[in-house]
Amino acid sequence: MCCSPRSGPRRPVLLLGAAAVLAVRLAGAEPSSGAPPVAPATAAIPDPPGGLPRPAAAALAFVPGLLVGGSGHFALGLRPTAYRLFALQGVGTGLILAGVVPLVASGAAREAAGPLALTAISGVAVASTGWLGDVFGTAVPPAARGAPERRAPPIEAELGYRYMRQAAFPYRSFAVNGFDLRHGGLRLQPSAWFALGDRNSRLRGLAAYRYFGPRAPPAAPARDGSFLDLQLALTRHRLGSEGVEVLTGEVFADGRLDLARYDAELRGAFSQLGFGLGLQRFAVDDPAPGLGSGYAVLPLARCGFGVYLGRAAAPRGELMLYYNHRHDDYAGGMTSPLVGLPGHGGLDGRLYLTEELGVRLELAAGAAWVAGASLLVRSEVEP
Amino acid sequence: MSVGPVAAGRALGLAGALLALAGCADRASERAARDLEVGRAEVGGVRFEVQGGLAAVRRAVAGEIELWAGAPVLDIAAQVDAGAVRSWTIEVRNAMPDARLQPLGAATGAAAVASGAALLATRRRFALELPAPASVRLRLAPEDADRSEPFRFAFVSDIQTGIDRFSEVLARIGADPAVRFVLSAGDLTQRGTSEQMERFQRELESLGVPYFSTLGNHDASDDTPWHRFFGRCSASFAFHQVQFTLLDTADATVAPLAYDWLEGWLREAGGRPQLFVAHVPPLDPAGLRGAGFGSRAEAGKLLGMLARGGVDLTLYGHIHGYYSFENVGIPAFVSGGGGAFEEKLDGVGRHFLLVDVDPDRGVSAVRRVDVD
């Protein structure tokens with residue numbers, strides 16, 4: 001394998017990624033034990049008597065459920081769940097107000113703007129969980145819901161393509177690859193994006209520890225899909241055509257709550273929230289004398305609502321609607337008319353079609369919109 | 001395997017909404033395209049063009065043309081057809097008080113210019129006799145415009161709802177006789193309406209020097225009338241051998257066309273001192289707040305261009321406070337003290353900056369003047 005001046009290290013890394021995908025596939029190609037994953041059996045659960053039909057309840061979950069959390073479950077006749085969802089939405093709304101009101105009143109004061117914005121983001125996470133949980137719990141019958149994988153695979157690889165469209169940059173296509181290497185609660189995740197036809201690349205190395213939740217062997221299966229991770233990452237974004245390099249170091253705490261823990265009627269869904277902080281160094285190629293490098297702080301926050309895919313006896317993946325406050329990835333933060341303050345939103349879905357082979361679909365909209373798909377390969381997930 | 005068809009359908013709907021949000025209106029590019037039309041008028045058999053689009057044509061009828069100046073020096077080309085109207089009145093608003101209109105060069109005809117009454121310090125009227133047919137070049141500039149001499153300008157941005165008290169800020173600026181003009185990073189209005197822009201320009205009549213500005217996010221309403229009132233959103237001009245560049249960053253991004261212009265302006269500046277003005281800064285000096293560009297990658301792109309171009313000073317608005325900092329080593333100031341709802345807890349109210357520039361040494365001083 002050789003590195004041409006134009007392709008840089010992209011070509012050998014892509015080949016390495018493809019080889020790794022194949023290696024994982026071959027390594028995992030052992031005959032299945034035939035034993036089903038450990039998961040609670042899902043029997044058909046009849047809807048409670050006296051409630052509205054599910055479609056009607058789901059419609060009410062949208063409106064007035066957006067304002068009155070739990071409306072759908074209330075209409076379905078599941079009042080305790082309705083009250084819990086209402087409480088979630090109330091707490092979330094309170095957090096949003098606790099963040100936004102002083103943020104506006106202070107004129108976005110430099111001392112307080114960061115924590116207040118993160119408070120508001122927390123509120124969005126909690127309130128949206130109340131609303132989307134109501135929608136999900138009424139729209140999807142229990143028998144049709146998925147379940148989390150309670151163990152993580154030791155090895156997972158990804159190779160894919162992303163299309164990015166942002167007016168400020170001429171390049172569009174990216175090759176994406178990455179690995180997830182796990183042992184118990186430890187995780188290493190190198191990943192890379194390479195622009196095709198341009199000298200733009202984003203290399204990232206992440207190391208994480210999972211305090212609880214689905215972990216790889218030799219850890220025992222988790223109780224459900226809830227987890228708490230502490231992540232350290234280093235990212236090198238090389239904008240070759242623009243003559244700039246950005247190096248970002250970050251720390252991030254990421255947590256997921258399997259909503260079955262909050263209320264059994266919300267089984268099949270989860271809520272996720274994480275915060276962190278990054279420090280960036282910008283370095284310019286061939287600057288004028290005395291100029292060329294500087295630092296910037298990067299606030300990090302991410303929240304999402306998701307559903308598990310597959311059946312309880314055969315979990316297959318997940319689909320998450322998320323908001324990500326970071327502005328340094330390819331999607332970036334929304335511009336007009338929100339003037340760069342918010343981050344980006346998106347959908348991220350992973351679906352394993354067999355025990356080892358799957359696909360990932362990703363869509364994000366911020367300063368750029370990014371869409372694409374990846375092939376996923378993993379070693380067998382032991383039950 | 002059950003995926004939840006209803007959930008999947010809703011996910012697709014959300015996906016479509018996200019795509020629509022991201023792909024709809026690139027307003028920055030639309031404004032850049034309209035920048036190309038600024039400064040041109042064809043009337044009475046004469047095609048007028050202000051070089052660089054450095055003036056907005058406010059009114060053009062046979063025999064009369066009214067301009068709003070966007071720079072201290074205006075170079076005007078007039079292509080006169082045979083049979084065209086030959087007697088013209090040129091009224092220039094927002095002009096340098098000591099500017100004179102003079103014909104340039106040995107063109108195919110010489111225009112005769114007579115200065116009329118000064119309606120205001122910054123509102124000048126000239127009578128013009130054009131030969132026909134002819135290509136005529138005119139220059140409106142102070143006599144010292146090209147001299148390599150130190151000078152001072154003021155910088156104030158983000159007026160918005162403070163318009164009722166803006167005259168107090170202008171009075172403080174006007175009290176300094178050394179100020180040659182005022183620069184601004186925009187947010188002159190709250191909603192970017194024609195009425196608010198007209199009101200702002202009326203307020204400027206109390207100022208004895210011109211006010212040159214790019215637009216801010218509040219000025220950048222959909223189909224903004226900015227071009228009609230103030231001219232280009234992105235522009236570059238020279239004064240006293242110092243290069244000034246005003247770039248449209250009102251949507252926390254820059255149009256591709258504007259990046260092309262910026263590259264040329266930075267190159268054309270040569271070894272002259274360079275000052276850069278934009279509304280939204282690429283990076284918020286208060287990093288946790290994140291009120292800079294939407295994309296940090298794009299922020300890096302812009303800063304890279306400015307650093308390679310050797311820009312001496314960057315001036316920003318958008319944040320309603322005062323900050324002195326650096327971006328990749330380039331001195332930077334945020335000054336949003338024109339009267340909009342201000343940032344609390346920082347002890348700074350309404351204010352403006354006074355900037356002293358020496359063409360031989362660069363920026364010699366930047367000083368904040370508190371109005372409150």
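The values are calculated or read from the model by the stated rules, or taken from the named source; none is laboratory data. None of the values given here were measured: they were computed from a predicted structure. Glycine also receives a Cβ, built like all others from the backbone with ideal geometry; neighbour counts cover every protein chain displayed. For the accessible areas, the whole protein counts, side chains as well, though only heavy atoms, and no ligand, DNA or RNA atoms are used. Shrake-Rupley method; radii C 1.70, N 1.55, O 1.52, S 1.80 Å.
Which residues, taken from segment A:346-368, are assigned to a strand (DSSP E or B), under 29 Å from residue B:220 (Cα atoms) and open to solvent by 10 Å² or more (accessible area, probe 1.4 Å)?
Residues of segment A:346-368 that are assigned to a strand (DSSP E or B), as a first pass: A:346-352, A:357-365.
Retained after the next criterion (residues that are under 29 Å from residue B:220 (Cα atoms)): A:346, A:363-365.
Residue satisfying the conditions is A:363 alone.
Which condition breaks for residue A:286 when tested against (1) closer than 25 Å to residue A:190 by Cβ; (2) within 11 Å of chain B (Cβ to nearest Cβ)?
(1)
If we only count helices (runs of 4 or more DSSP H) wholly inside segment B:150-262, which ones have 3 or more residues that are open to solvent by 10 Å² or more (accessible area, probe 1.4 Å)? Walk me through it before giving the result.
Numbers: elements: B:166-174, B:194-203, B:226-229.
Correct list: B:166-174, B:194-203.
Check B:292, B:337, B:349 and return the single one that is touching a strand residue (DSSP E or B) at 6+ places or on another chain (Cβ under 8 Å) and closer than 25 Å to residue B:220 by Cβ.
Details: B:292 fails: touching a strand residue (DSSP E or B) at 6+ places or on another chain (Cβ under 8 Å); B:349 fails: closer than 25 Å to residue B:220 by Cβ.
Exactly one residue qualifies, and that residue is B:337.
Just to verify a result, which residue in segment A:305-317, among those that are aliphatic (A, V, I, L, M) and open to solvent by less than 40 Å² (accessible area, probe 1.4 Å), is farthest from the other protein chains (Cβ to nearest Cβ)? Please lay out each step first, then the result.
We begin by selecting, within segment A:305-317, every residue aliphatic (A, V, I, L, M); these are A:307, A:309, A:312-314.
Within this subset, residues satisfying the condition of being open to solvent by less than 40 Å² (accessible area, probe 1.4 Å) are A:307, A:309, A:312, A:314.
Numbers: A:307: 6, A:309: 6, A:312: 10, A:314: 7 Å.
This residue is A:312.
Could you check, for segment B:266-278, whether at least one of its residues is at pLDDT 95 or above, touching a Phe, Trp or Tyr at 6+ places or on another chain (Cβ under 8 Å) and over 22 Å from residue B:361 (Cβ atoms)?
Yes.
If I filter segment A:322-345 down to residues being surrounded by fewer than 22 Cβ atoms within 10 Å (Cβ to Cβ) and either hydroxyl-bearing (Ser, Thr, Tyr) or in a strand (DSSP E or B) (or both), which single residue comes out as farthest from the chain's Cα centre (by Cα)? Before the answer, list the steps.
Step one: of segment A:322-345, the residues surrounded by fewer than 22 Cβ atoms within 10 Å (Cβ to Cβ) are A:322-323, A:336-338, A:341-342, A:345.
Filter once more, so that each one left must be either hydroxyl-bearing (Ser, Thr, Tyr) or in a strand (DSSP E or B) (or both): A:322-323, A:336, A:345.
Numbers: A:322: 6, A:323: 9, A:336: 24, A:345: 10 Å.
That would be A:336.
Consider only pairs whose beta carbons are under 7 Å apart and that are at least six residues apart or on different chains; among these, list those whose first residue lies in segment B:352-364 and is assigned by TED's automatic domain parsing to the domain that holds residue B:155 and under 12 Å from residue B:272 (Cβ atoms) and whose second residue is among the aromatic types (Phe, Trp, Tyr) and crowded, with 17+ Cβ neighbours inside 10 Å.
That search, which allows pairs on different chains as well, returns B:357/B:151.
Scan segment B:84-137 for residues that are under 25 Å from residue B:151 (Cβ atoms), of a type in the set (Gly, Ala, Ser) and either touching a helix residue (DSSP H, G or I) at 6+ places or on another chain (Cβ under 7 Å) or at pLDDT below 90 (or both) and jot them down.
The answer is B:115, B:118.
Residue B:367 passes all but one of (1) open to solvent by 20 Å² or more (accessible area, probe 1.4 Å); (2) in contact (Cβ under 8 Å) with a residue 24 or more places away in the chain; (3) away from chain A (no Cβ under 12 Å); which number fails?
(2)
List the number of the failed condition for residue B:128; all other conditions in (1) part of a loop (DSSP other than H, G, I, E, B); (2) surrounded by 19 or more Cβ atoms within 10 Å (Cβ to Cβ) hold.
The one condition residue B:128 does not meet is (1).
Would you tally the residues in segment A:133-163 being open to solvent by 30 Å² or more (accessible area, probe 1.4 Å) and closer than 29 Å to residue A:342 by Cβ? Let's see the steps before the verdict.
Of the residues in segment A:133-163, the ones open to solvent by 30 Å² or more (accessible area, probe 1.4 Å) are A:141, A:143, A:149-151, A:154-155, A:159, A:161, A:163.
Now narrow it down to the ones that are closer than 29 Å to residue A:342 by Cβ: A:161, A:163.
Selection size over segment A:133-163: 2.
Being open to solvent by 10 Å² or more (accessible area, probe 1.4 Å), small (Gly, Ala, Ser) and closer than 30 Å to residue B:161 by Cα is the filter here; which residues of segment A:98-132 pass it?
Narrowing segment A:98-132 to residues open to solvent by 10 Å² or more (accessible area, probe 1.4 Å): A:98, A:100-108, A:110-112, A:115-122, A:124, A:126-128, A:131-132.
When the remaining residues are screened for being small (Gly, Ala, Ser), the result is A:98, A:105-108, A:112, A:117, A:120, A:122, A:127-128.
Listed by number, the residues that qualify are A:98, A:105, A:106, A:107, A:108, A:112, A:117, A:120.
Could you please find all residues in segment A:353-373 being of a type in the set (A, V, I, L, M, F, W, C) and within 12 Å of another protein chain (Cβ to nearest Cβ)?
At the first step, the residues of segment A:353-373 found to be of a type in the set (A, V, I, L, M, F, W, C) are A:353, A:357, A:359, A:361, A:363-365, A:367-371, A:373.
The answer is A:353, A:361, A:363, A:364, A:365, A:367, A:368, A:369, A:370, A:371.
Answer with yes or no whether residue A:245 is in a strand (DSSP E or B), at pLDDT 95 or above and more than 10 Å from chain B (Cβ to nearest Cβ).
Details: in a strand (DSSP E or B): yes; at pLDDT 95 or above: yes; more than 10 Å from chain B (Cβ to nearest Cβ): no.
No: the conditions fail for residue A:245.
Would you check which residues across segment B:289-329 are surrounded by fewer than 24 Cβ atoms within 10 Å (Cβ to Cβ) and in a strand (DSSP E or B) and list them?
B:313, B:322, B:323, B:324, B:325, B:326
Test of understanding: among A:320, A:334, which residue is touching a His at 6+ places or on another chain (Cβ under 7 Å) and either within 7 Å of chain B (Cβ to nearest Cβ) or within 21 Å of residue A:151 (Cβ to Cβ) (or both)? Can you show your working first?
Numbers: A:320 fails: touching a His at 6+ places or on another chain (Cβ under 7 Å).
Result: A:334 is the single residue among A:320, A:334 that is touching a His at 6+ places or on another chain (Cβ under 7 Å) and either within 7 Å of chain B (Cβ to nearest Cβ) or within 21 Å of residue A:151 (Cβ to Cβ) (or both).
Out of B:228, B:199, B:152, B:232, I need the residue that is under 25 Å from residue B:322 (Cβ atoms) and at pLDDT 95 or above. Which one? Give the steps one after another, and end with the answer.
Working: B:228 fails: under 25 Å from residue B:322 (Cβ atoms); B:199 fails: under 25 Å from residue B:322 (Cβ atoms); B:232 fails: under 25 Å from residue B:322 (Cβ atoms).
Within the list B:228, B:199, B:152, B:232, the selection yields B:152.
For residue B:341, which of the numbered conditions (1) open to solvent by 10 Å² or more (accessible area, probe 1.4 Å); (2) part of a strand (DSSP E or B); (3) touching a helix residue (DSSP H, G or I) at 6+ places or on another chain (Cβ under 7 Å) fails to hold?
Failing condition for residue B:341: (2).
Every residue in segment B:69-105 that is surrounded by fewer than 23 Cβ atoms within 10 Å (Cβ to Cβ) and under 20 Å from residue B:197 (Cα atoms), please.
Listed by number, the residues that qualify are B:91, B:93.
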